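Scroll down for the structure; my scribbles are underneath it.
The values are calculated or read from the model by the stated rules, or taken from the named source; none is laboratory data. Every value quoted in this text rests on a predicted model; they were computed, and no experiment measured them. A quick note on method: Cβ atoms are made from the backbone with ideal geometry, for glycine too, and the neighbour counts reach across all protein chains shown. Please note that ligands, DNA and RNA were not included when accessible areas were found on the heavy atoms of the full protein model with its side chains. Shrake-Rupley method; radii C 1.70, N 1.55, O 1.52, S 1.80 Å.
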Amino acid sequence: TQHKKKIGTHMKKILTTTAAAVLLGLATQANAAVELVNDGDTKVTLGGFVKVDARHVSGDLYRDGYFIGSAAAGDFSQTDFNANQSRLQFKVQHGEVTGVIEMDADTAEGNEIISNSSGFRIRHAFIKWDNWLVGQTWSTFMPLHALAETLDFGGAHVGEAFIRQSQIRYTSGGFSFALENPYTFGGDRDESQQSMPDVIARYDFKGDWGQANVGALFRKVDQSGIDETAIGFNAAAKIKMGGKNDLRVSVAQGEYGRYVGTVAVPDIITVNDETRVEEGTSFTAAYRVFWNESTRSTFFYGQSTTDLGDRDRSHTGVNVITNVTSKLKVGVELGKYSQNEAADLSSNYLLASAQFSF
């Protein structure tokens, strides 16, 4: 009886740790993992997916790979095939301690003349024990539950909080508090005078209606001749809309800089020979509808605007995705990326993808 209780307690701890990691968005987009080792004390799993994209982009904006919050202007038309978003995740659980290393192939190591090779890079590398997490993973400021299901990786990057970095995070119930790596995007980055970590507080809550969160960001911006405290806020929700359908929304406002919009909003900007902390407003909205048990579509939109630099960037898209098997999904997506600033520029894209998760 005592032996059974110990086994039950041990399994409960493992399941609790695993569930917490999933809820925090620390796992990959893979639906499952392959168990490599399980000797009672240590469990090792391999997860990830193989994703192959075929994309055609044409318009006024050059975009290599997926769209982010900025793009170079120019007459652009290109068809590209790649598998660079494919990834591997190794997870090791020993008692109450979990370690994760995840890598993908999104670095240029070869060329399209001969090898088309890509080099592996680290995406996530963290340790989780009890309520603590240390290492590199998605920022505490980033609400993963509100990300749209898209084929263009990450969806409307331009309007959402999207950043990975090293951090120390404490979680208790719905509350999370983190100290995260500081960095300034914009200005004279060679000065590198960030002396204080970024501070993030967040609260998550759930109900039969879905889940939501609110978050606050406090940063010290001490670079390029300025010394200020920057503050940003965000809120996000995933709301059940009947059946398997859902609505996902997020909004951010304030001096959040590089945390939102993937370079759409700089931390600091120089206007009329004066360097100041930039302020922005960003939002995303995505509605996912299931046509049947395996086929669904997401209609999504994201936008970021800035106060001082008058940036206005957006991303619109719609897709159809179907599960061929429980592990294999395929789909097509149409989208448009726009920069409405000094000139109104845009590019359209057509993307077809196949993804096998394991």
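Among the residues of the stretch 153-168, the one identified as crowded, with 18+ Cβ neighbours inside 10 Å, among the aliphatic types (A, V, I, L, M) and in a strand (DSSP E or B) is Ala161. Being at pLDDT below 95, acidic (Asp, Glu) and outside any loop (DSSP other than H, G, I, E, B) is the filter here, so list the residues in the stretch 316-358 that pass it. Of everything in the stretch 316-358, just one residue is at pLDDT below 95, acidic (Asp, Glu) and outside any loop (DSSP other than H, G, I, E, B), namely Asp344. Exactly one residue among Thr171, Thr150 is assigned to a strand (DSSP E or B), crowded, with 20+ Cβ neighbours inside 10 Å, of a type in the set (Val, Ile, Thr) and modelled with pLDDT of 95 or more, and that residue is Thr171. Among the residues of the stretch 98-110, those that are more than 11 Å from Leu46 (Cα to Cα) and open to solvent by 60 Å² or more (accessible area, probe 1.4 Å) comprise Ala108, Glu109. Within the stretch 274-287, is even one residue open to solvent by 40 Å² or more (accessible area, probe 1.4 Å), assigned to a loop (DSSP other than H, G, I, E, B) and within 30 Å of Tyr183 (Cα to Cα)? Yes, some residue in the stretch 274-287 is open to solvent by 40 Å² or more (accessible area, probe 1.4 Å), assigned to a loop (DSSP other than H, G, I, E, B) and within 30 Å of Tyr183 (Cα to Cα).
Tally the residues that are assigned to a loop (DSSP other than H, G, I, E, B) and farther than 30 Å from Ala236 by Cβ, restricting the search to the stretch 108-144. Spell out the reasoning first.
Kept after step one, since they are assigned to a loop (DSSP other than H, G, I, E, B), are these residues of the stretch 108-144: 109-117, 119-120, 130-131, 139-143.
Now restrict to residues that are farther than 30 Å from Ala236 by Cβ: 109-117, 119-120.
So the count comes out to 11.
Screening Val263 against (1) under 21 Å from Ile200 (Cα atoms); (2) open to solvent by less than 30 Å² (accessible area, probe 1.4 Å); (3) not acidic (Asp, Glu) leaves a single unmet condition, (2). Candidates in the stretch 34-53 are the residues that are of a type outside the set (Val, Ile, Thr) and open to solvent by 30 Å² or more (accessible area, probe 1.4 Å); of these, the one that is nearest to Ala264 (Cα to Cα) is Leu46. Residues that are in contact (Cβ under 8 Å) with a residue 60 or more places away in the chain and over 26 Å from Ser314 (Cα atoms): does the stretch 150-172 have at least one? There is at least one residue in the stretch 150-172 that is in contact (Cβ under 8 Å) with a residue 60 or more places away in the chain and over 26 Å from Ser314 (Cα atoms).
Within the stretch 302-330, the set of residues being open to solvent by less than 20 Å² (accessible area, probe 1.4 Å) and either touching a Lys or Arg at 6+ places or on another chain (Cβ under 6 Å) or within 23 Å of Ala33 (Cβ to Cβ) (or both) comprises Ser304, Ile321.
Among the conditions (1) at negative phi; (2) open to solvent by less than 20 Å² (accessible area, probe 1.4 Å); (3) touching a Phe, Trp or Tyr at 6+ places or on another chain (Cβ under 8 Å), Gly69 misses just one, which is (3).
If we scan the stretch 130-143, do we find a residue that is closer than 24 Å to Gln355 by Cβ, open to solvent by less than 70 Å² (accessible area, probe 1.4 Å), out of contact with any strand residue (DSSP E or B) (no Cβ under 6 Å at 6 or more places or on another chain) and not basic (Lys, Arg)? No, there is no match, as no residue in the stretch 130-143 is closer than 24 Å to Gln355 by Cβ, open to solvent by less than 70 Å² (accessible area, probe 1.4 Å), out of contact with any strand residue (DSSP E or B) (no Cβ under 6 Å at 6 or more places or on another chain) and not basic (Lys, Arg).
Just checking, which of Ser77, Ser58 is part of a strand (DSSP E or B), touching a strand residue (DSSP E or B) at 6+ places or on another chain (Cβ under 8 Å), of a type in the set (Gly, Ala, Ser) and open to solvent by 50 Å² or more (accessible area, probe 1.4 Å)? Can you show your working first?
Details: Ser58 fails: open to solvent by 50 Å² or more (accessible area, probe 1.4 Å).
Only one candidate qualifies: Ser77.
So if I check each of Phe205, Phe233, which one is touching a residue at least 12 places away in the same chain (Cβ under 8 Å), exposed (fewer than 15 other Cβ atoms within 10 Å of the Cβ), part of a strand (DSSP E or B) and within 23 Å of the chain's Cα centre (by Cα)? If you could, list the steps in order and put the result at the bottom.
Values: Phe233 fails: exposed (fewer than 15 other Cβ atoms within 10 Å of the Cβ).
On inspection, the qualifying residue turns out to be Phe205.
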